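> Can you read through this structure? Questions will come right after.
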Amino acid sequence: MVSRGTVRAVRLKTRGSGVAPDLRQPATAPELLAAARRRFLRAERFSVEDLAAELGISRATAYRWAGNAEQVAGHVVASLAEDTFRRAVREARGRGATRVVDVIARGMRYIATSEPYRAFVERDPQRALRIVASKDGPVQRRTIALHEELLEEEVRRGALRLPVDAHTMAYALVRVVESFLYADAVAGEKLDLEKAVDILKLMLR
């Protein structure tokens, strides 16, 4: 809360300068990512410079907080991917392999029909693939972790037996999903999510 004394001091400092006092709180790193997320969901291009200008911070500060534009996009996509995954988990039916496949299938359909996401991929497919499928980026790392949690949950319930450890299976599932989700943009192949689901079922049989 801003005190009366602070307001009076600001008024005295700016009186006669022609500059309106600015009592806004300084921007934060989470606000920068939130601004990037809003632009992403509007299917807009953005740069770190754009975000810095929007928040009234220096470019150096923006880069220090979030890195370059690809790194910012990676954090945004990772957060949206997690939201989508958790929505699919809430809506999924069944148990064991049936539930795991249902979660993944729902997630793929939500992503495939997301206009902002498709715009992101179609604008620059190679750049998008670097962001979402890089082993060093936040998107694939977080997505694999979420799938691993789901597999381990079903194993603990006694509803699923895996031929390999949960992390390896999660990695394999995510790679299959990536290959089908981005087949149209990267390789010119027709998007065929039903075929992807068939393969996932075979992997978890």
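> Between G96, G107, G137, which is over 23 Å from E194 (Cβ atoms) and not assigned by TED's automatic domain parsing to the domain that holds R37? Step through it out loud before you land on a result.
Values: G96 fails: over 23 Å from E194 (Cβ atoms); G107 fails: over 23 Å from E194 (Cβ atoms).
Just a single option satisfies the conditions, and that option is G137.
> Residues R118, R130, R123, R99: which one is charged (D, E, K, R) and at pLDDT 95 or above? Walk me through it before giving the result.
Values: R118 fails: at pLDDT 95 or above; R130 fails: at pLDDT 95 or above; R123 fails: at pLDDT 95 or above.
The conditions single out R99.
> Within the range 78-143, considering only helices (runs of 4 or more DSSP H) that don't extend past its boundaries, which have at least 3 residues that are over 22 Å from L33 (Cβ atoms) and of a type outside the set (V, I, T)?
Details: elements: 97-112, 115-123, 125-133.
Here the list reads 97-112.
> Any residue that is within 15 Å of R86 (Cα to Cα) and surrounded by fewer than 19 Cβ atoms within 10 Å (Cβ to Cβ) - is there at least one of those in the range 149-156? Outline the logic, then answer.
Going residue by residue through the range 149-156, those that are within 15 Å of R86 (Cα to Cα) are 149-151, 153.
Pick out the ones that are also surrounded by fewer than 19 Cβ atoms within 10 Å (Cβ to Cβ) and you get 149, 153.
Checked against the condition, which is being within 15 Å of R86 (Cα to Cα) and surrounded by fewer than 19 Cβ atoms within 10 Å (Cβ to Cβ), the range 149-156 yields at least one hit.
> Identify, please: which residue in the range 136-188 is under 23 Å from R123 (Cα atoms) and among the hydroxyl-bearing types (S, T, Y) and is, among those, modelled with the lowest pLDDT?
Y182
> Looking at this structure, is R127 surrounded by fewer than 20 Cβ atoms within 10 Å (Cβ to Cβ) and in the same structural domain as V176 (by TED's automatic domain parsing)?
Numbers: surrounded by fewer than 20 Cβ atoms within 10 Å (Cβ to Cβ): yes; in the same structural domain as V176 (by TED's automatic domain parsing): yes.
Against the criterion (surrounded by fewer than 20 Cβ atoms within 10 Å (Cβ to Cβ) and in the same structural domain as V176 (by TED's automatic domain parsing)), R127 qualifies.
> Determine if the range 10-23 includes at least one residue that is modelled with pLDDT under 95 and of a type in the set (S, T, N, Q).
Filtering the range 10-23 down to residues modelled with pLDDT under 95 leaves 10-23.
With of a type in the set (S, T, N, Q) added as a condition, the list becomes 14, 17.
Scanning the range 10-23, I find at least one residue that is modelled with pLDDT under 95 and of a type in the set (S, T, N, Q), so the answer is yes.
> L160 versus (1) of a type in the set (A, V, I, L, M, F, W, C); (2) part of a helix (DSSP H, G or I); (3) over 21 Å from A133 (Cβ atoms): which is the lone unmet condition?
(2)
> Restricting attention to the range 41-100, which residues are surrounded by 14 or more Cβ atoms within 10 Å (Cβ to Cβ), aliphatic (A, V, I, L, M), farther than 22 Å from I144 by Cα and free of Cβ contacts under 8 Å to residues at least 24 places away in the same chain?
The answer is L51, A52, A69.
The values are calculated or read from the model by the stated rules, or taken from the named source; none is laboratory data. Every value quoted in this text rests on a predicted model; they were computed, and no experiment measured them. Virtual Cβ from ideal backbone geometry, glycine too; neighbours counted across all protein chains shown.
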